[in-house]
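The values are calculated or read from the model by the stated rules, or taken from the named source; none is laboratory data. Please read these numbers as outputs of a predicted model, since none were measured by experiment. Cβ coordinates were reconstructed from backbone atoms using ideal geometry, including for glycine residues, and neighbour counts include every protein chain displayed. When the accessible area is computed, the model is the full protein with side chains, heavy atoms only, and any ligands, DNA or RNA have been set aside. Shrake-Rupley method; radii C 1.70, N 1.55, O 1.52, S 1.80 Å.
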Amino acid sequence: MQLSELSPACVWKHFEQITRIPRPSGHEEQIVSYLETFARQRQLQFQRDAAGNLVIRKPAHHSDSSRIIALQSHVDMVCEKNGDTEFDFLQDAIQTYIEDGWVKAKNTTLGADCGIGMAVQLALLDDTESVHPALECLFTINEETGLTGAYGLGKDMLKADYLVNLDSEDEGEIFIGCAGGIDTIGTFSYKTCTCRPNSRTVHIAIRGLRGGHSGDDIDKNLANANVLMTRILMCLQSNIPLQLLSFDGGNLRNAIPREAVVCLAAPCDAQLKIADTVREAEKIFRQEYHATEPALSVSVVFGHAPEEDAIEDSVFANLLKSLYTLPNGVTAMSQDIPGFVETSTNLASVKTSDQTVIVSTSQRSSVESKKTELSRVIRTVFETYGATVRHSNDYPGWTPVPDSFLLNVFADSYRRLFGKEVRVKTVHAGLECGLFLEKYPRLEMVSIGPTIRQVHSPEEKLEIDSVVMFWQWLLETLQRL
């Protein structure tokens, strides 16, 4: 069964086409070109700003409303794949399939975040039957790795007073606020040293973790591969003279790392002790995460004498201490909203390259002062152990307006359509809405979307039935606006 055979066909045919177009963050040229061609072919007015964002405008249809409604999604996608999968995100089309009421991708991220939002926008721009006011469909670039599109949004791009962000991931919920965020990156510079005599290489790998979104999924007791690997290294280093050749864990600032691999040099006579330690660690981790990480595995492979130099011992020791000391996960729950994460941090990636080890972390909070304070704590840990530190991707949160006109119209439409109340929420993930308000303070905004699970991981999946409800809800609300 093809995606275009699903209902609503007008949405799925566009989503299927989008999955065929490479669109990694920072490489959105092909998808933006596709959108421009789409607009030209339909003789729709469009505009690009200096940052590369695109807005396509469509006049009101069967409506005498004077309102202009902006619909917004981002064009880039998180590019994650399983370690044993050959896939080039710059060239290859996503391989989709349908299973048990969900659309999934084969061993890679699906790109439903935010491809399904784009598909809905294109379906509306194509629609010749529905009733709606004037539309501005805004497509922003590079949301996933820096929000650079939202940062650089031109001040003449939007005429609307209302904006609907299509980047949420829970049908039946409407979001009116989000957390702000900042990245804190520590860089450890090192000199190399020769490996000790009578050493052999040891490769330890953690695989099979679920991963997930470092905002939405941070409270789900998912394992962080970098944290687990650090625990193993601390245990080994306490009684075996190890040398570190490389540490490669995680990839993206906004994803909980699923895999981590280290290469070590260890004494030849330590093989049994290392194997026992790794085996025991896997047993402990499986017990700790028995409910959330059923596929967790830890492996060890012993090789020959090292052919490369090691990281100097003092830097290895400081790196390990910093990783062990860094906070990770939820650090505070909201005082105002029961069960809502207020502040968190993610030990996102550890990469060895060119005589440096770069450790990337990401902090989020709905309280600006808490976000700043947590980033300072992490900066202090890095500096204590000799790393140079920088911050990046600092973006504001989106303060909720709990009784806005736009929210009330959406809530009433949902009630009429489905006979139940929509759940009004804020989200711990970062959305572009806070940055839009800096450029367009007049905007009233909400964020909606269908149900997507395991975003930012190869387990990402999009619920088919929820797309039907998402589409119906949006059409009904636009008609009423």
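Tabulated results
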quantity: Positive dipole terminus of the chain, leading residue within His428, Leu138, Gln454 (C-beta point charges); calculated: His428
quantity: Lys283 accessible area, assembled protein chains, probe 1.4 Å, Å²; calculated: 110 Å²
quantity: Area projected by the alpha carbon convex hull of the stretch 1-157, averaged over all directions, nm²; calculated: 10.1 nm²
quantity: Within the accessible area of the chain (1.4 Å probe), percent carbon and sulfur; calculated: 47 percent
quantity: In nm, spacing of pseudo-spin labels at Ala93 and Gln30 (7 Å Cα→C-beta vector); calculated: 1.0 nm
quantity: Which listed pairs, of Lys371/Lys425; Lys370/Lys461; Lys81/Lys104; Lys13/Lys58, have C-alpha distances above 24 Å, in listed order; calculated: Lys370/Lys461
quantity: The stretch 366-420 - convex hull of the alpha-carbon atoms, volume per residue in Å³; calculated: 125 Å³
quantity: Leading residue at positive end of dipole, the chain (Cβ point charges), from Val278, Asn165, Thr292; calculated: Val278
quantity: Thr192-Glu307 pseudo-label distance in nm [points 7 Å out on the Cα-to-Cβ vector]; calculated: 1.3 nm
quantity: D (Stokes-Einstein, µm²/s), Kirkwood Cα radius, the stretch 117-229, 0.692 mPa s at 37 °C; calculated: 165 µm²/s
quantity: Cβ-placed point charges (K, R +1; D, E -1), dipole of the stretch 219-377 about Cα centre in debye, nearest 20; calculated: 480 debye
quantity: Ratio Rg/Rh, restricted to the chain and using Cα atoms, in which Rh is the Kirkwood radius; calculated: 1.01
quantity: Value of [θ]222 nm, deg cm²/dmol, for the chain, DSSP H segments ≥ 4, -39500 (n - 2.57) each, nearest 500; calculated: -9500 deg cm²/dmol
quantity: If the convex hull is drawn through the Cα atoms of the stretch 336-481, its volume per residue in Å³; calculated: 164 Å³
quantity: Beta bridge orientation in the chain: antiparallel %, DSSP, nearest 5; calculated: 80 percent
quantity: Kirkwood Rh and Cα Rg combined as Rg/Rh, the stretch 241-295; calculated: 1.05
quantity: Solvent-accessible surface (1.4 angstrom probe) belonging to His27, in square angstrom, nearest 10; calculated: 90 Å²
quantity: Residue order for Arg67, Arg200 - accessible surface, 1.4 angstrom probe, largest first; calculated: Arg67, Arg200
quantity: Dmax and Rg, reported as Rg then Dmax, of the stretch 326-381 (C-alpha, Å); calculated: 13.3, 46
quantity: Convex hull of the stretch 79-155 built on C-alpha atoms - directionally averaged projected area, nm²; calculated: 8.0 nm²
quantity: Computed E for Thr356/Asp403 - FRET, C-beta separation, R0 60 angstrom, nearest 0.05; calculated: 0.75
quantity: Separation between Cα centres of the stretch 90-159 and the stretch 300-370, rounded to whole Å; calculated: 31 Å
quantity: Heavy atoms of Glu173 accessible to a 1.4 Å probe, total area in Å² rounded to 10; calculated: 20 Å²
quantity: Assigned charges on the beta-carbon of Lys, Arg, Asp, Glu; the stretch 290-388 dipole about Cα centre (debye); calculated: 440 debye
quantity: Computed over the chain: relative contact order in percent, which uses C-alpha pairs under 8 Å that are six or more apart; calculated: 24 percent
quantity: Diffusion constant of the stretch 158-317 at 4 °C, which comes from Stokes-Einstein with the Kirkwood Cα-pair radius and 1.567 mPa s, µm²/s; calculated: 71 µm²/s
quantity: Packing rank of 292-298, 231-237, where each peptide gets the mean count of other beta carbons within 10 Å, highest leading; calculated: 231-237, 292-298
quantity: Ranking by accessible area, most exposed first, for Tyr440, Tyr34 with a 1.4 Å probe; calculated: Tyr34, Tyr440
quantity: Solvent-accessible surface ranking, highest first, for Thr388, Thr277 at 1.4 angstrom; calculated: Thr388, Thr277
quantity: Listed peptides 397-407, 358-368, 127-137 by packing density, highest first (mean Cβ within 10 Å); calculated: 358-368, 127-137, 397-407
quantity: Most positive-pole-ward Cα, Gly212, Thr380, Ala348, against dipole of the chain from beta carbon charges; calculated: Thr380
quantity: Cα-based Kirkwood hydrodynamic radius, the stretch 179-234, one decimal, Å; calculated: 15.2 Å
quantity: Rh (Kirkwood; distinct C-alpha pairs) - the stretch 1-65, Å; calculated: 13.8 Å
quantity: Globularity ratio of the stretch 246-399, using Cα Rg and 2.2 N^0.38 Å; calculated: 1.22
quantity: Gap separating the Cα centres of the stretch 1-39 and the stretch 190-243, nearest whole Å; calculated: 38 Å
quantity: Cα-centre dipole for the chain with unit charges at Cβ (Lys and Arg positive, Asp and Glu negative), debye to 20; calculated: 500 debye
